[in-house]
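Okay, so here's the structure we're looking at.
What follows draws every value from the coordinates through simple rules; no lab data is involved. This structure is a prediction, so every number in the text was calculated from the model and none was measured. Here Cβ is always computed from backbone atoms with ideal geometry, including for glycine, and neighbour counts include all displayed protein chains.
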Amino acid sequence: MSLFAKAGHFGHFSWQVICRFVTLRWSVDTTLQHLSQTLFRCFLPVIAVVLPFGMVIALQGLEVFHLFGAERLLASLASVAIIRELSPVLASVLVAAQGGSANTAELGSMATEEELAATKVMGLDPIKLHVVPRVIAMTVACPILNVAGTTAGIGGAFFTAVYVKGENAGIFIDQLWEYTTPFDITAAFIKTAVFGLIIGLVSTYLGYYAKGGAAGVGKAVNSTVVNSILLFIAANYLLTSAMFGAMS
Amino acid sequence: MISLKNVSISFGDLQVLKNVSAQFPTGETTAILGRSGAGKSVILKLLVGLLKADSGEVDVLGTELGRASQKELYSLRRRLGMLFQHSALFDSLTVEENIAFPLEQQKTPPPRTEIDRRVAESLNSVGLSGFQARNVSGLSGGQRKRVGLARAIITKPEILLFDEPNSGLDPLTSEAIDALICQMKQDLGITFIVITHDIVGALKVADHLCMLDEGKIVEHAPVKQFLISEHPVVRGFLNRNVSIDDEGGIRAPTVDEIRG
Amino acid sequence: MRVAGPVVRALAATGRFGLFSSRFIRVMFQHRPPFRRALDEAYRIGVQSLPVLLTIAAFVGTNLTMQGYHAFKPMGGEKMVGMFVGLAGVRELAPIIAAAMIAAKVGTEMASRIAVMRIREEIDALSVMAVNPHWYLVTPRLMATILVLPALTVLSIYGMLVASYGVAVYQLGLNGQEFLDFLQRGATVTDLAYGAMKSLVFGTIICLVSCYCGFYSKPGPRGVGSATNSAVVTSAVVCVMVNYIISELVYGR
C-alpha cells in the first residue's frame, strides 16, 4: 500500500476507535484490566531509563555550571528539563517499546491465529472488545508512567548531585521548583496523554491488521515501536511549538 | 551403527523416555511409530545430539553422544542428513542456495563448478530438475520437502533421518513422497530412520518397525513379524488402516473394514 | 513472594545471557569472518535506519532548542542556546536516541528474524548441518552493527544540529553565527568522537541482547512478539545505564 493509502487506512481505523469510545460502547472492566497490565509492564522499564538520564543531566549540568560557579542552579535546570521534555519523551519511548509492542504482539497473535475473524463471525465487534480498551488504557497510562519517570529522573539527578558530586542536599531541594510552573506540569500531562493516544492507536492498528503468521507478528511489533516514536516525536514538536507560542 | 542403551530423558515432571534400548540396523530402514507425544521426535533429536539423554548411552557411528565434545558432535553431524518436519529451509535464499548450503559451509568448500554439479544431481534425484533459481517461499509443501531432502543428501551422508516426512501433505503428495523415499532407499542403500505416525507410509518404506508407547518400546521387529504382533497399541494402529491378504502381504482395507 | 519471582528470573536470564555471549565470543574467531554477509547486513541496517534516525534526531534537535531557549530566556541567557544544544544534544541525547532507534528498528528485526527461525526449526537445521548457529547468525550482524553504528550516530548528530539551527534562526529569530559560536563552545569534534565510541558500545549491546532474545524465544507468534518486545526494552535500558557509566568516565571530574 502506498503511504497515503496507509495513512487513510489508519485514519479510518482511528475514526472507528474514536466513535466507539465516544458512544461509550466499551467495557470499563476490560479497560481497567489493560490499564493495570500496561502500568505493571512499563513501570520498571520507564524508571530504569529516566533515572540514569536524570543522573547524566546532573553530571553534564554540573560540569557546565562549575565553570560559572553556578552549581546551585543545577536543581532547577534538571527539574525543568526533566519535567518539560526528557521525561515525557523518554517515558513514552519506553511505553511504546514495552506497552505498544505488547499490544501489537497480542492483537497480532489474535489476528494471525484467526481469533479476530472468529469473533466477527460470532457477531461481536472486535474493535469494541479488544482495541478500544487498549487505546484508552494507553492514553491514561502514559501520563501516570510519566509522573513515575519524572520522579525517578529528578531522584537520579539528586543522587548524582548530592552523593556523587557532593552538592548540598538542602540547596538542591530548595531550588528544585524555582523555574517550574503549573503550566509545565499541565503541559507534560497533555503531551503524554497525546503520546499515549498515538502509541495506543498505532500499536493496535498494526496488530489488528498483522498478516503472515509468526513472521508477520514480528514485523508488526517492529513497526509499532518505530512508527509510534516517529509520530509522537513529530507531535511533540508541534505541541511544544504551540504551547510555547501560547506562552510568549 | 546406531543404538540406544537404557536411555531415559524427562522434561520437567514429564518422563518422555523410560529406559529405552534399541539397535537400528545399518543399511536398513527403520520406522519409529507412536502416538503424538510418545517420544518419537525426542529419539530423533537424541540421535543428532540436539538433546542429551539424562541417563543411558546413545551411540551413533561409533560416537557416544552423551560424552562427545562439540567438535566430535559437529564432526559426526557431517556424516548425517536430516529432513525436518517443516523442511526448515531458509526462506531468504533460493532453492540452489539452500541445497548448496552444507557444502559451502565446509571449512574448505569444493569449487563452484563441483557445487553446481552436485546441486543439479541432488535436484534430479528428488524430481525437481531446473528448480535452482526458484525462491523457496513460493514452493508448495511437497516441493519444500523435496528440496529439504535434496539438501540432506548432498553431503552423501551415511545415515538419513526423517522427522514426519508426510506431515502437512495431502494424500496424493504424501504418496509421492513415500515413493521418493523408497526410490532413495534403493539408490543410496544407506541407513534410514523415519519418524512417523502414518502406519501405511511406514509399511511401504520400512524394513523394521519400532512402536513407542508412553516412553517405552512396545514392539520392535521386521515388517512381517510386526504385522502379526498381538500388542494392543500395534493392533490399534494397524486395524482399519491395513489388512493382511491371503499371502501374508498387506493390502488396502475394504470400506466395511474401515468403518469397523 | 511476588517480587522474588521476577528478580530471580532476571538474574537467571542475565546468567544465560552471559553464557550466550561467551559461547558466541569463543566461536567468533574459529571460522572465516563472513565479510560478504556482514556487508549485506550493514547496507541493510544503514539504508533502512538512516531516514528514521535523521527524522527523529531532527525533532529532538528542534525541541532541545526550543526548550533551551525558553529555559534560559528568564535569565537573559537565550543566546547561549547553542552551547546548551552542544552539551546536552551532542554529548548525550543524540547518541542515546540513535541507540534507542537502532534498538527499535534493527534490534527488533534481529530478534524477530531469529525467533521465527527458531520456530521453523531452522536453528536446529543449522546445528544438524554442522554449522554453529551462534556463529552463523550473530557474527555477521555484530560486524555489521559495529561497522555502521558510529557513522549513523555521527550523521544523526548532524541531523539534530541542522534542525536545531533551523529552529533557532527561523523560528526563534536568533543570530545564526552566535548560535554556532556557542555551539562550538559546548561541543567539539572530540565529543563527536566520544559519541561515535559510545555508539560502538551501544551497538554491541543491542546486537547481542536482540540475538539472545531471538535465540531463547518461546514458541508461537506470541513468542516472537515477546522476544521482539524484550529485545528493544532490554537493549534500551542497558544502553541508558551504560551511558551513565561512560559519561561519568569520560566527562566526570
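Each 10 Å bin from zero up to the one holding the largest Cα-Cα distance in chain C carries the following percent of pairs: 7, 27, 30, 19, 11, 4, 1.
Taking every residue in B:62-74 and counting other chain Cβ atoms within 10 Å of its Cβ, the average works out to 1.
Across peptide C:100-112, the average count of Cβ atoms from other chains found within 10 Å of a residue's Cβ is 5.
Take the alpha carbon gyration tensor of the stretch A:122-248, find the square roots of its eigenvalues, order them as a ≥ b ≥ c, and report rounded if a/c is under 1.5; if not, report prolate when a/b exceeds b/c, else oblate. In terms of gyration-tensor shape, prolate. Put simply, the convex hull of the Cα atoms in chain B casts, on average, a shadow of 15.2 nm².
Each Lys or Arg adds one and each Asp or Glu subtracts one; over the other residues with Cβ under 12 Å from the Cβ of B:VAL205, this totals -3. For the Cα atoms of chain C, what angle does the longest principal axis make with the long axis of helix C:189-215, in degrees from 0 to 90, nearest 10? Helix C:189-215 sits at roughly 30 degrees to that axis. Here the contact order of chain C, divided by its residue count and restricted to Cα pairs under 8 Å and six or more residues apart, works out to 31 percent.
Protection proxy ranking of A:128-134, C:214-220, A:204-210, by the mean of other Cβ atoms within 10 Å over each peptide's residues and highest first, is A:204-210, A:128-134, C:214-220. When every Cα-Cα distance of the stretch A:38-130 is counted in 10 angstrom steps from zero, the calculated P(r) takes the values 15, 29, 21, 16, 10, 7, 3, 0 percent.
Measuring against 28 Å, Cα to Cα, the residue pairs C:LYS73/C:LYS198; B:LYS40/B:LYS156; A:LYS219/B:LYS71; A:LYS219/B:LYS40 contain C:LYS73/C:LYS198; A:LYS219/B:LYS71; A:LYS219/B:LYS40 as the ones spanning a longer distance. Relative contact order, whole percent, for chain B stands at 24, derived from Cα pairs under 8 Å and 6 or more residues apart.
Equivalent-ellipsoid semi-axes for the stretch B:158-220 (Cα gyration tensor, √(5λ), whole Å, largest first): 20, 16, 10.
The rule of thumb for compact globular proteins, 2.2 N^0.38 Å, goes into the C-alpha radius of gyration of the stretch B:93-208 1.06 times. Other residues with beta-carbon under 13 Å from the beta-carbon of B:ARG118 carry, at +1 per Lys or Arg and -1 per Asp or Glu, a net charge of -1. With θ taken as phi - 60° and the Karplus curve 6.51 cos²θ - 1.76 cosθ + 1.60 applied, the whole-hertz 3J(HN,Hα) list for the stretch B:180-193 is 4, 4, 4, 4, 4, 4, 5, 5, 8, x, 9, 6, 10, 10 Hz, x standing for glycine and proline. With both partners inside the protein assembly as shown, how many of the DSSP beta bridges are antiparallel, as a percent to the nearest 5? Beta bridges within the protein assembly as shown, antiparallel portion: roughly 55 percent. Two numbers describe the Cα atoms of the stretch A:28-239: Rg and Dmax, which are 19.9, 70 Å. How are the C-alpha pair distances of the protein assembly as shown spread across 20 Å bins, as whole percents from the shortest bin up? Histogram of Cα-Cα distances, whole percents per bin: 15, 40, 29, 13, 2, 0.
What aspartates and glutamates sit close enough to A:LYS120 to cross-link, taking a C-alpha to C-alpha distance under 18 Å and skipping anything fewer than 8 places away on the same chain? A:LYS120 reaches A:GLU106. Among beta bridges from DSSP that stay inside chain B, the antiparallel ones total about 55%.
The alpha-carbon positions of the stretch C:111-213 define a convex hull whose volume is 107 Å³ per residue. Across chain A, Cα pairs under 8 Å and at least six residues apart give a relative contact order of 32 percent.
Protection proxy ranking for C:170-180, A:47-57, using the average of other Cβ atoms within 10 Å per residue and placing the highest first: A:47-57, C:170-180. The local environment of C:LEU50, defined by Cβ-Cβ distances under 12 Å, has a net charge of +2 under the rule Lys, Arg +1 and Asp, Glu -1. For chain B, the longest principal axis of the alpha carbon atoms and the long axis of helix B:112-125 meet at an angle near 30°. Taking each DSSP H run with n ≥ 4 as -39500 (n - 2.57) and averaging over every residue of the protein assembly as shown yields -21500 deg cm²/dmol at 222 nm. Residue by residue along C:32-40, Cβ atoms of other protein chains within 10 Å of the local Cβ number 0 on average. The protection proxy used here, the mean number of other Cβ atoms lying within 10 Å of each residue, ranks peptides C:83-93, B:148-158 as follows, highest first: C:83-93, B:148-158.
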